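Novice: One structure follows; several queries about it will come next.
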Amino acid sequence: MRQVLVVIGGLPAVGKSTIATLLGSGTSTPYLRVDRIEQAIVEWSALSHPLGPAGYAVAHALADEQLRLGLDVIVECVNPLPLTRDAWVRTAAAAGAGILEVEVVCSEETEHRRRVEARSSDVEGLMKPAWTAVMNREYEPWGREHLVVDTTTTSAESAARLIASRMTSAKATGHLG
């Protein structure tokens, strides 16, 4: 069995962080959250939001290091474009790891908006985007097989269990969406 990189992506407020936290604690897997990385960069440097690729670059370097140590890794980020998604595939391949790509969605727009408007930030200092910013965000459809989890119909606990079971398959096969 080889190590696996689990990349959990999707628009803000669909449940990515909740699922990734449950998955990380349930599988004892290191969890890298790009929001937290970006906020730390802002707090400890002269840089400000939006950072561009800086947070992703740090996450890639940390994920690569952990994978090369033989550890599974969970990364949670918006992952909005084919360019960002392909970069995770390259990171996994460079480390000789399998990859499990997960897109988290909230298919009910009214519920998604409620979540955006009701949530508070659990990353100190990070301002969460408003509904208009979430809807106007650049986010392209996926062009390859990947696991889709709809948090309108699937609880975070069920999603974490499903992803954990797919991690086992990805460890054996190298790639499973």
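The values are calculated or read from the model by the stated rules, or taken from the named source; none is laboratory data. Owing to the predicted nature of the structure, the values given are computational and were not obtained by experimental measurement. Here the Cβ is made from the backbone with ideal geometry for all residues, glycine too, and neighbour counts use every protein chain on show. Just so you know, the surface numbers come from the protein's heavy atoms only, side chains and all, with ligands and any DNA or RNA stripped out. Shrake-Rupley method; radii C 1.70, N 1.55, O 1.52, S 1.80 Å.
Novice: Please work out how much accessible surface residue 145 shows to a 1.4 Å probe, ignoring ligands, DNA and RNA, in Å² rounded to 10.
Specialist: Here the residue's solvent-accessible area equals roughly 120 Å².
Novice: Taking just the C-alpha trace of the chain, give me its Rg and Dmax in Å.
Specialist: 15.4, 44
Novice: How high is the FRET efficiency from residue 120 to residue 94, r the C-beta distance, R0 35 Å, rounded to 0.05?
Specialist: So, using R0 = 35 Å, E works out to roughly 0.40.
Novice: May I ask you to evaluate 6.51 cos²θ - 1.76 cosθ + 1.60, the Karplus curve with θ = phi - 60°, for each residue of region 48-61 and list the ³J(HN,Hα) values in order in whole Hz, giving x for glycine and proline?
Specialist: For region 48-61, the Karplus curve yields 9, 6, x, 8, x, x, 4, x, 5, 4, 5, 4, 4, 5 Hz.
Novice: Please report the net charge: other residues with Cβ closer than 11 Å to the Cβ of residue 79, K and R +1, D and E -1. Write out the running numbers ahead of the final one.
Specialist: On the way: positive: 16, 85; negative: 76, 86, 101, 103, 140.
Result for the neighbourhood of residue 79: -3.
Novice: Just from its helices, what would the mean residue ellipticity at 222 nm be for the chain, if runs of 4 or more DSSP H residues each count -39500 (n - 2.57) and the sum is divided by every residue, rounded to the nearest 500 deg cm²/dmol?
Specialist: So the calculated ellipticity at 222 nm is -14500 deg cm²/dmol.
Novice: Classify region 39-108 from the C-alpha gyration tensor, please: rounded if a/c falls under 1.5, else prolate or oblate depending on whether a/b exceeds b/c.
Specialist: Since a/c reaches 1.5 but b/c is at least a/b, the shape of region 39-108 is classed as oblate.
Novice: Also: Give me the 1.4 Å probe accessible area per residue for region 11-60, excluding ligands and nucleic acids, in Å².
Specialist: Heavy-atom accessible area per residue stands at 49 Å².
Novice: Right, something else. What FRET efficiency comes out for the pair residue 108/residue 155, r = Cβ-Cβ distance, R0 = 22 Å, nearest 0.05?
Specialist: Calculated transfer efficiency: 0.95.
Novice: Note down the net charge around residue 36, summing +1 for each Lys or Arg and -1 for each Asp or Glu among other residues with Cβ under 10 Å from its Cβ.
Specialist: Result for the local shell: -4.
Novice: Given a 1.4 Å probe and heavy atoms of the protein chains only, how would you sort 120, 165, largest accessible area at the top? Each step should come with its number before you reach the end.
Specialist: Numbers: 120 95, 165 60 Å².
Descending accessible area places them as 120, 165.
Novice: Now for a separate question. How about region 1-81: which trypsin sites (Lys or Arg not before Pro) there are in a DSSP loop, with at most 16 other Cβ atoms within 10 Å of their Cβ? The partial results should precede the final answer.
Specialist: Details: sites: 2, 16, 33, 36, 68; in loops: 2.
When the trypsin sites (Lys or Arg not before Pro) of region 1-81 are filtered for loop state and at most 16 Cβ neighbours within 10 Å, 2 remain.
Novice: Further, regarding this structure: Computing the accessible area with a 1.4 Å probe over protein heavy atoms, can you report the carbon and sulfur percentage for the chain?
Specialist: About 56 percent, which is the carbon plus sulfur part of the accessible surface.
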